[in-house]
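The values are calculated or read from the model by the stated rules, or taken from the named source; none is laboratory data. Given the structure is predicted, the values throughout are model-derived calculations rather than measurements. Positions of Cβ are generated from backbone atoms using ideal geometry, with glycine treated the same way; all protein chains shown enter the neighbour counts. Protein only, heavy atoms only, side chains kept; ligands, DNA and RNA dropped before computing areas. Shrake-Rupley method; radii C 1.70, N 1.55, O 1.52, S 1.80 Å.
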Amino acid sequence: MASADHPTDKPTDNPSIDTTPISPTLERQTSLEKHLQTRPEEQDLKNRHILLDTTAAPALQARAAELERQRITNNLKKGLSKRSGKEELVEKNILPDSTAAPGLQAHQRELQKHMRANSLEKQLQGRPNLEDLVKGGILQKDENPLADS
């Protein structure tokens, strides 16, 4: 096969081929300068955790990050192993002793509060009056438990 017959060896007289130069045009250069002027500072990128804030060599940065992750994992595991169990937290009244779903526990507490109030009200209504206490011999006739002593 002759080199003149190969399509890439022919001169670029084909209208579908882009012949614009690759070198930057003035518009592209000004756009690049504009973006470089608004480029964030190195410290800002470190604060936003985009750049690593380390003095280690780039080849060692991945290993240093892995070691830091392992250290954090080990600290979390140690802290979780020292954590109190659910039974102990219930005994200390930190967690409620409830089998209700967490979304219903507030309603359950409110219901229990109203039930205690109703029970107390019922017990107060059944309380003996002063005359019954005198008849039962619990109080003397001239004794007034409500008077300030």
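The table below gives the values:
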item: Test: residue in region 95-103 that is in a loop (DSSP other than H, G, I, E, B), modelled with pLDDT under 90, in contact with a Lys or Arg (Cβ under 8 Å, 6 or more places away or on another chain) and surrounded by 10 or more Cβ atoms within 10 Å (Cβ to Cβ); result: yes
item: Lone qualifier among Leu89, Leu146 - being in contact with a Leu (Cβ under 7 Å, 6 or more places away or on another chain) and either more than 30 Å from Thr54 (Cα to Cα) or of a type in the set (D, E, K, R) (or both); result: Leu89
item: Condition met for Lys46 (modelled with pLDDT of 85 or more, open to solvent by 100 Å² or more (accessible area, probe 1.4 Å) and in a helix (DSSP H, G or I)); result: no
item: Residue within region 107-115 that is in contact with a helix residue (DSSP H, G or I) (Cβ under 7 Å, 6 or more places away or on another chain) and open to solvent by 100 Å² or more (accessible area, probe 1.4 Å) present; result: no
item: Ala56 being aliphatic (A, V, I, L, M) and modelled with pLDDT of 85 or more; result: no
item: Any hit, region 72-94, residues being part of a loop (DSSP other than H, G, I, E, B) and open to solvent by less than 100 Å² (accessible area, probe 1.4 Å); result: yes
